[in-house]
Amino acid sequence: MWSGADWSWHKAVRRNDTISTEAHLKDIIEHETRFAGRAVQQIYHVKFFNQQGDLVADADSWCFRTERDHAREQGTKYKNVKARETAPLQRGRAGRGLQALCDERVRGSTARTWQDVSEGEALPTMLKGR
């Protein structure tokens, strides 16, 4: 699972820059967790260079590797969570579809261009996954 990154910026990245990277494993840290038992944190250090070879940024990025079977069988994170219906789902069952709930306009292949919006204009509600 990707867990985070800590970035340092040294130069601006400009339009049409070609970025190359160098990465190495910086550290491995073992953790004991309630969620998944043993977890291993891997920290990678990545350097980002532009086409002139200038360092534009570097970052430490970390992820966790877990014992998935332990998380599924013994984990405690979701034991007390109970499913419940929300008001929009209840209304949706009463005949109002999700489309009507948020009044989303389906644009399909109609592109939204810079000329279609004004600075500070609120974007319309959009369903997740669209």
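The values are calculated or read from the model by the stated rules, or taken from the named source; none is laboratory data. Quick caveat, the model's predicted, so the values are computed rather than measured. Neighbour counts are summed over all protein chains in view; Cβ atoms, including those assigned to glycine, are modelled from backbone coordinates with ideal geometry. Protein only, heavy atoms only, side chains kept; ligands, DNA and RNA dropped before computing areas. Shrake-Rupley method; radii C 1.70, N 1.55, O 1.52, S 1.80 Å.
Residues in region 32-56 that are under 23 Å from residue 1 (Cβ atoms), over 23 Å from the mean Cα position of the chain (by Cα) and part of a strand (DSSP E or B): 32, 37, 38. When the residues of region 28-56 are filtered to those that are among the acidic types (Asp, Glu) and modelled with pLDDT under 95, which remaining residue is least open to solvent (accessible area, probe 1.4 Å)? Within region 28-56, the match that is least open to solvent (accessible area, probe 1.4 Å) is 30.
Just to be sure, is residue 23 within 23 Å of the chain's Cα centre (by Cα) and surrounded by 15 or more Cβ atoms within 10 Å (Cβ to Cβ)? Give the steps one after another, and end with the answer.
Details: within 23 Å of the chain's Cα centre (by Cα): yes; surrounded by 15 or more Cβ atoms within 10 Å (Cβ to Cβ): no.
So residue 23 does not fit the description; no.
Annotation note: Cβ proximity below 7 Å between a residue of region 61-76 that is assigned to a helix (DSSP H, G or I) and of a type outside the set (Asp, Glu) and a residue that is open to solvent by 100 Å² or more (accessible area, probe 1.4 Å) and at pLDDT below 65 (sequence gap 6+ or interchain) occurs for no pair.
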